[in-house]
Amino acid sequence: MGRSYTRSQALFKEALEYIPGGVNSPVRAFRSVGDHPLFIDHGAGSRLVDVDGNEYIDYVGSWGPLILGHRHPQVVAALKKCVEETGTSFGAPTEIETEMARIITRAFPSIEMVRMVNSGTEATMSALRLARAYTNRDKILKFEGCYHGHSDSLLIKAGSGALTLGVPSSPGVPKDIAGGTLTASFNHLAGVEEIFSRMGEEIAAVILEPVTGNMGVVLPAPGFLEGLAELTARYGALLIFDEVMTGFRVAWGGVQTQKDIRPDLTCLGKIIGGGLPVGAYGGRREIMENIAPAGPVYQAGTLSGNPLAMSAGLAVLKELEKPGCYERLDQLTEILAQGLKAGAQKAGIPLRVNRYGSMLTGFFAAQEVKDYKAATSSDTLLFKEYFQLMLARGIYLAPSQFEAVFVSLAHSKEDIAQTVEASEQALHQLAARF
Ligand SMILES: *Cc1c(COP(=O)(O)O)cnc(C)c1O
């Protein structure tokens, strides 16, 4: 469609000289969908503009945080005020940290106390340490295809970039640590029961994305989350919901509030930092008070709870608190889901669209996608072609079959309609090649 990418290509070539793979996070590299990523010049609302001047409707949203879109006026104002009148970091307490903690505890009934950190990786890593200390057990159980950041214990059968690039269990993780991580299949409760029946007394915690985004969007089967809550309670293990992606995205209080389940610990990130580096973990007071300096479990951070991230995050949460936000996100994303399905049907291409709130994945799969096996049976080569055809039509999707599309409040009905039309054309073009 006449788009040129020459400047992105040149910048990528230069970056490859100095940065491993040319990127500061593997998911950005476009390895599974093309030969170079786009270098971004700027964003505005639902749009991105790359360094060659091409414009896109953005469905990545910085991989989830930008639920208000790019440069939302309230976020920009909060950041400006913070830089000009407050400062960027003190390493001493500030009032807005308590304000953030108060809002989080109000939104999540399971969270009585919360500790801020600087990434989702830190949040899950710290929650595991706390769970191990609290239960005096070492093993943890995670699910195939779930991604919880890149700490050693959690890079076992991991999703997201690790899955896309074919390194779900990373070299460099010591055997002893890998051996402490048990894995089960998402949505297969019987398998989890079997593991607990063998070694339930050694398991400190079960951690999962209650709705997955990192193997693409997969919804929990009826009874699955409830079953995990029952099992962990029965064996004295902690249940950790990793809501780094879903927290404040699918609903004000995350998946757990919608499903009325109270995990022992919850991990947050992404949206609560408004586009700045952030993470948080929280839970019952009696567990959280084991963290230093209230208790002996050490966890610290030079920039934790820094005023910039707190200001941006609070500005976002204040917008999301307004009535109608989640209804609007739901409606827009449902229109998109229906449109994508209809386009695929017309073209005769099997596309399984899983949606939860404003997260969606269209899997090029023959069967319904309810687990890791079905997700990974998707036709990734077909996705690659689809991705490029969408990009050529100005639609910026996550560069992997195993990621979510994120709709933001900045997306308009026209954006969605344009996307549906682009998808219909792309699928039509693909069908012609069959
Ligand atoms: C993004 C993500 C993380 C990791 O967060 P970072 O800030 O990238 O370290 C952890 N868990 C889930 C579910 C995520 O989506």
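The values are calculated or read from the model by the stated rules, or taken from the named source; none is laboratory data. Being a predicted model, the structure only gives us computed values, none of them experimental. With ideal geometry, Cβ positions are generated from the backbone for all residues, glycine too; neighbour counts draw on all protein chains shown. Ligands, DNA and RNA are excluded from the accessible area calculation, which covers all protein heavy atoms including side chains. Shrake-Rupley method; radii C 1.70, N 1.55, O 1.52, S 1.80 Å.
Descriptive notes on the structure:
- Farthest toward the positive end of the dipole of the stretch 73-320, out of L219, G313, A131, is the Cα of G313, where the dipole comes from beta carbon charges about the Cα centre.
- Label point at R102 placed 7 Å out along Cα→Cβ; residues across the stretch 70-95 whose backbone nitrogen lies under 15 Å: 94-95
- Where the Cα pairs of the stretch 73-320 fall when distances are cut into 10 Å bins, in %: 8, 33, 36, 18, 5, 0
- N136 paired with T88, simple spin-label distance in nm, labels 7 Å along Cα-to-beta-carbon: 4.6 nm
- Förster radius 35 Å - calculated FRET efficiency between M199 and Q299, Cβ distance, rounded to 0.05: 0.85
- Counted residue by residue at 0.36 nm each, then reduced by the alpha carbon distance between them, the extension gain from A233 to I335 reaches 32.8 nm.
- Accessible-area value, Y235, 1.4 Å probe, nucleic acids and ligands omitted, Å²: 50 Å²
- The relative contact order of the chain comes to 22 percent, based on Cα pairs under 8 Å that sit 6 or more residues apart.
- Each Lys or Arg adds one and each Asp or Glu subtracts one; over the other residues with Cβ under 15 Å from the Cβ of L38, this totals 0.
- Karplus (6.51, -1.76, 1.60) ³J(HN,Hα), θ = phi - 60°, over the stretch 102-113, in Hz, Gly and Pro reported as x: 5, 4, 5, 5, 6, 6, 10, x, 7, 9, 9, 9
- Residue pairs, from the table K142/K259; K142/K175; K346/K384; K175/K384; K341/K370; K157/K259, whose Cα atoms sit over 23 Å apart: K175/K384; K157/K259
- The phi-based Karplus calculation (6.51 cos²θ - 1.76 cosθ + 1.60; θ = phi - 60°) puts the 3J(HN,Hα) values of the stretch 58-67 at 8, 10, 9, x, 6, 6, x, x, 7, 5 Hz, whole numbers, x for Gly and Pro.
- Spin-label proximity, E385 to the stretch 411-434 - amide N less than 18 Å from point 7 Å beyond Cα toward beta carbon: 422-434
- Helix-derived mean residue ellipticity, 222 nm - over the chain, DSSP H n ≥ 4, -39500 (n - 2.57), to 500: -12000 deg cm²/dmol
- The Cβ shell under 10 Å around L238 holds other residues with a net charge of +2, Lys and Arg each +1, Asp and Glu each -1.
- Under 13 Å from the Cα of K270 - aspartates and glutamates, other chains or at least 8 residues apart: E122, D242, E243
- For the stretch 3-116: rounded, prolate or oblate by the Cα gyration tensor [a/c cutoff 1.5]: prolate
- Net +/- balance of residues flanking P210 in space, Cβ distance below 10 Å, scoring K and R +1, D and E -1: -2
- Less than 5 angstrom separates the built amide H of V405 from those of L360, T361, all sequence-distant by 5 or more or on a different chain.
- Apportionment of accessible area to carbon and sulfur, the stretch 73-320, percent (1.4 Å): 53 percent
- Considering only alpha-carbon pairs that sit under 8 angstrom and 6 or more positions apart, the relative contact order computed for the stretch 301-369 is 22 percent.
- Using a probe of 1.4 angstrom and keeping all protein chains present, the accessible surface of the chain works out to 42 square angstrom per residue.
- Taking N as its residue count, the alpha carbon Rg of the stretch 208-297 over 2.2 N^0.38 Å: 1.14
- Solvent-accessible surface (1.4 angstrom probe) belonging to H188, in square angstrom, nearest 10: 80 Å²
- Calculated translational diffusion coefficient of the chain (25 °C, 0.890 mPa s; Stokes-Einstein with Kirkwood radius over alpha-carbon pairs) equals 111 µm²/s.
- Positive-end ranking of L231, G282, S8 along the dipole of the chain, with charges on Cβ about the Cα centre, is headed by S8.
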